[in-house]
Amino acid sequence: MQRRRCVAWALTAGALVWTQAAAQPLDCELKEATGFTEPAAVIEVAAREPGIVAHILVEPGDRVKAGDILADLDKTVTLAELEGARARAEATGRLSAAEAKLSHARRRSEEIAKLEKSRAVRPLELIAAKAELAVAEAELQSAQDELRIAGLDADSVAARLSLLDVRSPFDAVVNEVHREAGELVGSAGDARVVTLFKLDRLHADFFVPSGCIGKVAKGAALTVVLSRANRAMEARLRNLGLDVDAPTGMRRISVEIDNAGYELLGGERLVLALPVGGLER
């Protein structure tokens, strides 16, 4: 087998002597490599607001869909705030009064304008009527602004209410539940509630002699064998390690396997046939 040889000087008993470094294989002598499956992603889902856990809705092993509620925090105070905000947003009494006042001011201003043409009204009355109209218009605008702001406040409280639901960010399997109902989360910095494993895709790493890797591109189809069932399945190359371990000559190969049916578990033993890709001889 061809090998790279590295020669160096070493000092031994006061004399310089030649030494030979560890060799790295250029040819592929291995027939297979072993790796183990792991989730495509592991995420600790945290509460987005501090509070008291009201309900835990999942258990370890449960499958969840993206958007499913995993747990929720106590909403008593926030619901009361939302009820008050919505009541203010729906309170149109001041708006109705402002509209009526503006209508009256407009009619009065129109009547005085008619009298002005016949010089039957004093200048001060005309000025007062115009001022009354301007004030009525401003009060109507103020009432409309208050309702608009109240509506925004209600939307803000509703948004805060939704933050009290702890939801799954993707399709996953519950691996661990960190809290129980009645526990406080978030106030001391630890807001974790549930740990999820993304198992609809699995990843596996193989450490392979560099001489066993030929021309192969990202996304290339590779065949791996599931040891427990001696079953071949397709994997896709995720990436190749960017460096070679100097002492061993090994290089990492990372693959991805479709697991939409959740047939495979994390920690499954896989075998990858070597060499990978076309080797130049």
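Looking at the chain as a GNM with Cα springs under 10 Å, which of ALA105, ALA128, ALA33 has the largest mean-square fluctuation? Looking only at ALA105, ALA128, ALA33, the biggest GNM fluctuation is shown by ALA128.
Selection among VAL177, GLY261, MET233 by position relative to the dipole of the chain gives MET233 as farthest towards the positive end (Cβ unit charges, Cα centre). Taking 7 Å steps out from each Cα toward its Cβ at GLU99 and ARG63 produces label points 5.4 nm apart. Here ALA221 and HIS55 are evaluated by their C-beta separation; at R0 = 35 Å the FRET efficiency comes out at 0.20. With respect to the cross-link table entries LYS65/LYS198; LYS75/LYS198; LYS31/LYS198, which display a Cα-Cα separation exceeding 22 Å? Checking Cα-Cα distances, LYS75/LYS198; LYS31/LYS198 exceed 22 Å.
Summing Cβ point charges (Lys, Arg +1; Asp, Glu -1) relative to the Cα centre of the chain gives a dipole of roughly 1080 debye.
Accessible area per residue for the chain is 61 Å², calculated with a 1.4 Å probe on protein heavy atoms, without ligands, DNA or RNA. Using a probe radius of 1.4 angstrom, the carbon and sulfur fraction of the accessible surface of the chain is 53%.
Pairs of Cα atoms in the chain fall into 5 Å distance bins, from 0 up to the last occupied one, in shares of 1, 5, 8, 8, 7, 7, 6, 6, 6, 6, 6, 5, 5, 4, 4, 3, 3, 3, 2, 2, 1, 1, 1, 0, 0, 0 percent.
For the listed peptides 155-168, 193-206, a ranking on the average number of other beta carbons within 10 Å per residue, highest first, reads 193-206, 155-168. Please list, by residue number, everything in segment 72-116 whose backbone N is under 13 Å from a paramagnetic label point 7 Å out along Cα→Cβ of ALA128. 109, 112, by backbone N distance to the label point. As a length-normalised measure over Cα pairs under 8 Å and 6 or more apart, the relative contact order of the chain settles at 30 percent.
Across the options ALA91, ALA159, CYS212, the greatest Cα extent toward the positive end of the charge dipole of segment 87-234 (unit charges at beta carbon of Lys, Arg, Asp, Glu) belongs to CYS212. Taking other residues whose beta carbon is less than 13 angstrom from the beta carbon of VAL225, and scoring Lys, Arg as +1 and Asp, Glu as -1, yields +1.
Normalised by residue number, the volume inside the convex hull of the Cα atoms of segment 233-281 is 122 Å³ per residue.
The values are calculated or read from the model by the stated rules, or taken from the named source; none is laboratory data. Everything quoted here is computed from the prediction, not taken from an experiment. Cβ coordinates were reconstructed from backbone atoms using ideal geometry, including for glycine residues, and neighbour counts include every protein chain displayed. For accessibility, only protein heavy atoms count, side chains too; no ligands or nucleic acids. Shrake-Rupley method; radii C 1.70, N 1.55, O 1.52, S 1.80 Å.
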